[in-house]
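One structure below.
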Amino acid sequence: MGLLKYFRQEKPKKGSARLAKDRLQIIVAHEHSFAARPSYLAEMQQEIVAVIRKYMDISSDDVKCEFSDKAEDDMSVLEVNVALPKHK
């Protein structure tokens, strides 16, 4: 019976302060990732969408631009992913 009782025990609950701290760390990390992005990135994404729309029908949600800054290489990387519609 002792073994069954061991597996049925509830996990210790996190205190509200610990939970608030965890949530705050997530928010700060998320905000930091947006602060590191260059200000022109949103405009560049809109221009990329406009150019692709000349050739095919896509929405602005089909284009994702990610910016990363590699301090160790002293280099920045812009990654552009475009979800293209299938040919008919």
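The values are calculated or read from the model by the stated rules, or taken from the named source; none is laboratory data. What you see is a predicted model; the values in this text were computed from it and never measured. FYI the Cβ positions are ideal-geometry reconstructions off the backbone, even for glycines, and counts take in every protein chain you see.
Among the residues of the stretch 49-88, which ones are hydroxyl-bearing (Ser, Thr, Tyr) and under 23 Å from Pro38 (Cα atoms)? Let's see the steps before the verdict.
From the stretch 49-88, those hydroxyl-bearing (Ser, Thr, Tyr) are 55, 59-60, 68, 76; that's our starting set.
Scanning the stretch 49-88 gives Ser59, Ser60, Ser68, Ser76.
For the stretch 10-44, name all the residues that are under 30 Å from His87 (Cα atoms) and either modelled with pLDDT of 80 or more or surrounded by fewer than 10 Cβ atoms within 10 Å (Cβ to Cβ) (or both).
Within the stretch 10-44, Glu43, Met44 meet the criteria.
Tell me, which residue of the stretch 45-77 that is touching a Pro at 6+ places or on another chain (Cβ under 9 Å) and part of a strand (DSSP E or B) is surrounded by the most Cβ atoms within 10 Å (Cβ to Cβ)? Steps first, answer last, please.
We begin by selecting, within the stretch 45-77, every residue touching a Pro at 6+ places or on another chain (Cβ under 9 Å); these are 56-58, 62, 67, 76.
Those left that are additionally part of a strand (DSSP E or B): 67, 76.
Numbers: Phe67: 15, Ser76: 12.
The selected residue is Phe67.
Starting from the stretch 49-71, take each residue that is farther than 13 Å from Ala83 by Cβ and list its partners that are among the basic types (Lys, Arg) and surrounded by 10 or more Cβ atoms within 10 Å (Cβ to Cβ), counting only C-beta distances under 7 angstrom and pairs at least six apart or across chains.
Phe67/Arg37
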